[in-house]
1. Has region B:182-189 got at least one residue that is touching an Asp or Glu at 6+ places or on another chain (Cβ under 9 Å) and surrounded by fewer than 20 Cβ atoms within 10 Å (Cβ to Cβ)?
2. Looking only at region A:158-172, filter to residues that are buried (at least 22 other Cβ atoms within 10 Å of the Cβ) and touching a residue at least 40 places away in the same chain (Cβ under 8 Å); which one of those is farthest from ligand 1 (Cβ to nearest atom)?
3. Take the residues of region B:79-107 that are outside any helix (DSSP H, G or I) and touching a residue at least 24 places away in the same chain (Cβ under 8 Å): which is most open to solvent (accessible area, probe 1.4 Å)?
4. If I filter region A:73-91 for residues that are touching a residue at least 24 places away in the same chain (Cβ under 8 Å), more than 16 Å from ligand 1 (Cβ to nearest atom), touching a Pro at 6+ places or on another chain (Cβ under 7 Å) and open to solvent by less than 40 Å² (accessible area, probe 1.4 Å), do I get at least one hit?
5. Output the number of residues of region A:198-231 satisfying the condition of being within 16 Å of ligand 1 (Cβ to nearest atom) and assigned to a strand (DSSP E or B).
6. Going through region A:40-69 one residue at a time, which ones are more than 23 Å from A:Val245 (Cβ to Cβ), in contact (Cβ under 8 Å) with a residue 40 or more places away in the chain and more than 10 Å from ligand 1 (Cβ to nearest atom)?
7. Find the residue count for region A:71-113, including only residues that are of a type outside the set (A, V, I, L, M, F, W, C) and part of a loop (DSSP other than H, G, I, E, B).
8. Given (1) away from ligand 2 (no atom under 13 Å from the Cβ); (2) more than 14 Å from chain B (Cβ to nearest Cβ), identify the lone condition not met by A:Pro82.
Amino acid sequence: MRPDDPVLEARDVSRHYPVRHVGRRGVVHAVDDVSLALFRGRITAVVGESGSGKSTIARVLARLEPPTSGELRLDGEPVGKPRGQAFRKYLGQVQMIFQDPFASLNPIHTVEHHIARPLKLHGPPRSKAEVHAEVLALLERVSLTPAEQFARKRPHELSGGQRQRVSIARALAVRPEVLLADEPVSMLDVSIRLGVLNLLQRLGHDDGLALLYITHDIASARYFADSVQVMYAGRLVEGGPAEAVTQEPAHPYTRLLIDSAPDPDRRGVLDGGRAERLGEAPDLSDPPSGCRFHPRCPLAMPVCEEKAPPKFSVGGGAGEEHWAACWLHAPEEQQEQAQEQEAQDQHPMTTGRR
Amino acid sequence: MAATATIVTAETAPAPAKARRGIPLLRSGKALTGVVIFGIFILLAVIGPWIAPDDPSQTGGPVLQSPSGAHLLGTTQSGQDVLSQVLTGARTSMLVGVVAATLATALAVLIGVTAGYVGGWTDDILSMLTNIFLVIPALPLTIVLTGYLEGGGWFPIAVVISVTGWAFGARLQRAQTLSLRNRDYIKAARAVGERPWRIVTVELVPNLGAIIISGFLFTFIFAILTEASLSFLGLGSMTTWSWGTTLYWAQNSSAFTTGAWWWYVPPGLCIALVGASLSLINFGADELMNPRLAPVAKRNRKARRAQRRQAAAAGAAGKEATP
Ligand SMILES: Nc1ncnc2c1ncn2[C@@H]1O[C@H](COP(=O)(O)OP(=O)(O)OP(=O)(O)O)[C@@H](O)[C@H]1O
Ligand SMILES: [Mg+2]
């Protein structure tokens, strides 16, 4: 395996939840056809609004839930069934930090318990004293000092930031290669967010971890990540190097996301009158046809309603392609082709649509 | 004995921390009162039969005497010493309570948690079983079953009470398990590779502590009352003394109408006091355990909402600032 191959890869992963409305059965398309690759020593951000399926991706990658379809590959090998020795080994390589530090630690157990368990589960057999020493070392790595004191505390005695550091230490205890951080700072006070982010960044670089950073805040993704993938309503809509995606957004949704981000020294890419405020995500039990963004897109074309756009390259370099799943970026011929076909089976009622 | 042991370990296990010095349960006045009263009865259950001045069955003393120096709680119609009956009966009544509550709680946890955690058809079957036992009228069934086990003493009665009394607790445990199994900390335990058995016993069940304890206390009261009712109706074991047996004989001899209060008030008061003490402990346990579990969920939902509002406001402000 070459060093620049992905450690963990999701290929066309979908995750649907069966739901029962009164009598009627339905399916929530929480994640559809997402392909994502995580590389050693790199931070990949997934950005999207609430309900776009970010946590679902993290749960699938952490093997808390099986994908409905698609494939996960660890070090190039397709992963097997979620049981047995191989599954354990996977969990020893891929760890997750949960979104909500107030819910992710068991209220009845001490900090020491939370960190010692993964050590015992995944490490070589050790004496009690050795485990204790390692717990303290991990607490020091996440800057919870005096470690001896923190080890004895229970979650309710800790602040949100401290809890999140315990979560990080727990994940690191198994010596993973991949760390999945699901909005690790969204529940924290603004003043301590940077500290936790910097800690993650440092740990990621020190250990050469492949880090997935999930966030709804595109500004923090730009500051923090090497690569940014934008998610809308269960699908990835744009991806590429962090600078390129945030400075020259190609997908109208990404532009909207950047426009509505609190960043005063940026001008709107779309003219102000058209830029809609970010509303709620569409109903994922009945997602819009074609491009899922078309009902809210100020630049929607007839084709957008008909066909889901594939990924189109919009530039790149520096080792990573910049792409967008948007018909605006289709090469001329493809766009015409699509439109011709569109014209053929166009319904008279849809002509008036903007 | 087992009762205090259960309560105390459940409360003190998460002990050393600055805010939780001593046995936390005892910091609440109500709970402290409850624990003291209950402790006295546990003590009576242990030493009662030994310190009883007379053999409770021994007749031939002065008949229907009101309390005096010789008979502190008076005598019955056949000249038996009431104090000796109450002291001896304490052991039976409390034993029925302890054994029935322990068995019923164990059954409730086993069935409720399994149903809630495993889900699927296991849940369907166990829930159906629970619902059947829930609607079976407990007292008639108990009467029928104890009729079969006639003469077996207090133990079969305790078993029958637990068999008819576990269902309500099981239902509560199942509901709570369903809510806990989707908490992030349970998912986190799965994500580090904990095995299901350990997740249930170490991560989940301890968080059911409050409702397990209150279920135990409730069944304890229920068992003592049921045993007393059975004995009072003359359906209990007539070979051993319990508070219910004393009440039965008092009733049988019209003590209630002849004004021999010293005969029926002491056993009745004992039952009432045990019930009251358990309720007090339950209040204390509730106060102690709920603020740690409930507000956490509420707090973070609130925080999430506040944070969203903040982000939305910042977003709006940011846009206004752009020309
Ligand atoms: N277990 C489930 N059953 C049914 N629907 C679910 C389930 N889990 C998630 N969903 C749905 O899937 C969609 C994506 O949810 P997800 O939690 O991944 O969003 P998210 O991007 O993480 O949002 P947030 O920013 O609020 O955390 C939502 O519409 C949600 O309602
Ligand atoms: Mg989420």
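1. No, the conditions are met nowhere in region B:182-189.
2. Checked region A:158-172; the qualifying residue farthest from ligand 1 (Cβ to nearest atom) is A:Ala169.
3. B:Gln80
4. For region A:73-91, residues touching a residue at least 24 places away in the same chain (Cβ under 8 Å), more than 16 Å from ligand 1 (Cβ to nearest atom), touching a Pro at 6+ places or on another chain (Cβ under 7 Å) and open to solvent by less than 40 Å² (accessible area, probe 1.4 Å): absent.
5. 8
6. A:Ala62, A:Pro67, A:Thr68, A:Ser69
7. Adding up the residues that qualify gives 14.
8. (2)
The values are calculated or read from the model by the stated rules, or taken from the named source; none is laboratory data. Predicted model, so just to flag it, every value in this text is computed and none were measured. Cβ atoms come from the backbone with ideal geometry, glycine included; neighbour counts cover every protein chain shown. Side chains are part of the model used for accessible areas, which takes the heavy atoms of the whole protein and leaves out ligands, DNA and RNA. Shrake-Rupley method; radii C 1.70, N 1.55, O 1.52, S 1.80 Å.
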